[in-house]
Structures are given as C-alpha cells and as structure tokens.
Amino acid sequence: MTGDLTHLRREFRQSGLRRDELDASPIVQFSQWFAQAKEAGVVEPSAMSLATADDDNIGVRTVLLKFFDEKGFVFFTNYGSTKSHQLDSRAQAALLFPWLALERQVKIMGKVERISALESIKYFASRPKESQLGAWASQQSSSISSRGLLLSQFESMKSKFSKGEVPLPDFWGGYRVIPETIEFWQGRENRLHDRLIYKREEGEWVVSRLSP
C-alpha cells in the first residue's frame, strides 16, 4: 500500500514576520514566541525535536526543553542513551520547535555541553517522585525483553527508595545547546514564507532574511 499525499495543501495566512518586529536578542524573541505558543494552547510548547549525529549514525527524537537563557537551551536525559553517546562523540546538535498551530517554527543549531552536576541535582529534586524513580528504572535505549521487566524494575526502585529523598543517578543529567544560529520561520501564502535568522558573529547577533 502506498499513500499519495500530494493533495494535502494548506495556505498559511495567520501573520507575517518583518525584520523591524524582531528583538535584538534572539533569546528575548524566543521567549516572546514561546509565551504566545502557551497562550494559544499549543500542546506541549516545550517539546522540541533534537537532532544529533556521530561518525556512523544520525538520530532525531522529541525531548522537552526545561530551561533557556542567554547561555543556551537545556534538556535532561540518561547519559547512557544513544543521543548522549552521539553528543559526547560530536558535541553539536539542532533543535526544532514545531508550533504548527501558529504556523511557526524555531530552529536552533549550536555546540553542546553537559551542565554542572549541581544544576542537574537542582532540577532532579524538583521532579515528581515517580519521574525520579523512572530515571533509575530505565536504562534508556537498551533492549528489553518486555514492558513487564521495566515495570518490575520500577517497583524495585520504588521499594529501594521508599524512605527519604531519591538521589540523582550518576548516569542522568542535563545538556545545554549553546546557540550559534536561531531561525524564526513564519508561514505565509503561496509558500513565500518568512525566514529570519540570527547568527552569532564575534560575540554579536546579526540578523538576515533567508529565501523560503
């Protein structure tokens, strides 16, 4: 069976994007768009596609943004996962926020670094206990024989840490994507979309328009 999707077509008419509408800081501009995505009821506005690669393979998956500021964009994961192996091998990544309900997307590319253990501890302590136990129970990206085995491991961790606080696993923590480019994309009619990109040049952000 094949699927012909050529008939699926939608015109983007919600709004445009002009250079003089952008803030001088792409982080401020991102913050404004993020707030608008939340206000518009976008499902999981913090969900972002994370693309990574090493010398042998490439990968992409959805993760959740947890912090962002002038230093970069932070997410958390198991340091034994496939994405972590790729990031530790080639410390570069791309992020994509597909806010399609607003006919928008934001693409971020840059270098990657692990955040400090203290930062990871602080965030881990704020998570619900069930999520903390899940981090201990799952050897992310490894093969398992059944879901029952995973649930059994969760119950084991639940018993192990039944009293007191759940400590941060030494195999779990955060990464920071340090942006080198941030592109804001706004859908327009006739596929003549607006694409404005910030590039870091000698410590300053320079904005230019890209052809769609």
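We did not get these values from a lab; they are worked out from the coordinates using the rules stated. Because the structure is a prediction, the values reported are computed rather than measured. Neighbour counts are summed over all protein chains in view; Cβ atoms, including those assigned to glycine, are modelled from backbone coordinates with ideal geometry.
At full extension, Lys71 and Asp23 could sit 15.6 nm farther apart than now, given 0.36 nm per residue minus the alpha carbon distance.
To the nearest 10 degrees, how steep is helix 117-126 against the longest Cα principal axis of the chain, on a 0 to 90 scale? It works out to around 80 degrees.
Take the Cβ atoms of Lys160 and Glu130, set R0 to 25 Å, and the FRET efficiency comes out at 0.95. Over 5 Å intervals from 0, what percent of Cα-Cα pairs in the stretch 143-212 sits in each interval? Over the stretch 143-212, the share of Cα pairs per 5 Å bin runs 3, 11, 11, 11, 9, 7, 5, 7, 10, 14, 9, 2, 0 percent.
Relative to one another, the C-alpha centroids of the stretch 157-212 and the stretch 59-129 are positioned 6 Å apart.
Looking at the stretch 139-195, the GluC sites (Glu not before Pro) that sit in a DSSP loop and have at most 16 other Cβ atoms within 10 Å of their own Cβ are Glu165. Ala40 to Leu118: FRET efficiency via 1/(1 + (r/R0)^6), r the Cβ-Cβ distance, R0 25 Å, to the nearest 0.05? Computed FRET efficiency for Ala40 and Leu118: 0.10.
Using a cutoff of 8 angstrom between alpha carbon atoms and counting only pairs six or more residues apart, the relative contact order for the chain works out to 25 percent.
Sorted by packing (mean other beta-carbon atoms within 10 Å per residue), highest first, where do 9-16, 130-137, 102-109 land?
102-109, 130-137, 9-16
Here, the stretch 82-207 is characterised by an Rg to Rh ratio of 1.11, where Rg is the alpha-carbon radius of gyration and Rh the Kirkwood radius. With only Cα atoms counted, the chain has Rg and Dmax values of 19.9, 60 Å. Between Ile144 and Ile178, the distance separating the two model label sites (each 7 Å from Cα on the Cα→Cβ line) works out to 3.5 nm. Pull out a ≥ b ≥ c, the square roots of the eigenvalues of the alpha-carbon gyration tensor of the stretch 1-61, then state rounded if a/c is under 1.5, prolate if not and a/b is larger than b/c, and oblate in the remaining case. Note, shape of the stretch 1-61 comes out oblate. One equal scatterer on each Cα of the stretch 20-123, no solvent, Debye formula: the resulting log10 I(q)/I(0) at q = 0.10, 0.11, 0.15, 0.20 Å⁻¹ is -0.31, -0.37, -0.68, -1.12.
Say the cut-off is 27 Å between C-alpha atoms; which of Lys38/Lys107; Lys122/Lys158; Lys83/Lys163; Lys71/Lys163 go over it? Pairs exceeding the cut-off: Lys83/Lys163; Lys71/Lys163.
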